[in-house]
Amino acid sequence: MTAVVMRLPGVLRPYADGRSSVEVEADGVQTVGDVLARVEADHPALGRRLRDEQGAVRRHVNVYVDGADIRHSQQLETPVGPGAEIVVVPAVSGG
């Protein structure tokens, strides 16, 4: 079965054993929320940096599925299929 790949920025890699990406088996995975739950099960510290206490994606974390921002789609209910690529990008701000 094809995996869903989550790409991580450098700032989050220490929470995923230094890896630039993590793979989640696509079997049973239907949404971004499903992927995040599996990632959090394997890497709890990473999960805490991606989602808040209510389980929502943190305000300063942007998540894209195959290039589309989930905030403009169905958020955690955004569908993912086998071979999907999820990219996590911390928001950049400044003055």
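Every read-out reported here was derived from the displayed coordinates using simple, explicitly stated rules and does not represent laboratory data. Quick caveat: nothing in here was measured; it's all calculated off a predicted structure.
Helix-only arithmetic for the chain: the sum of -39500 (n - 2.57) across DSSP H runs with n ≥ 4, divided by the residue total, places the mean residue ellipticity at 222 nm at -5500 deg cm²/dmol.
In sequence order, segment 19-32 has phi-based couplings of 7, 7, 8, 10, 10, 10, 4, 6, 4, x, 8, 10, 9, 4 Hz under the Karplus curve 6.51 cos²θ - 1.76 cosθ + 1.60, θ = phi - 60°, and Gly or Pro positions carry x. Pick from 30, 75, 54: which residue has the top mean-square fluctuation in a GNM of the chain where Cα pairs under 10 Å get a spring? Taking springs between Cα atoms under 10 Å, the residue moving most is 54. Which whole-number percent is the relative contact order of the chain (Cα, under 8 Å, 6+ apart)? Relative contact order here is 37 percent.
Here the gap between residue 41 and residue 60, fully extended at 0.36 nm per residue and compared with their Cα-Cα distance, gives a gain of 4.7 nm.
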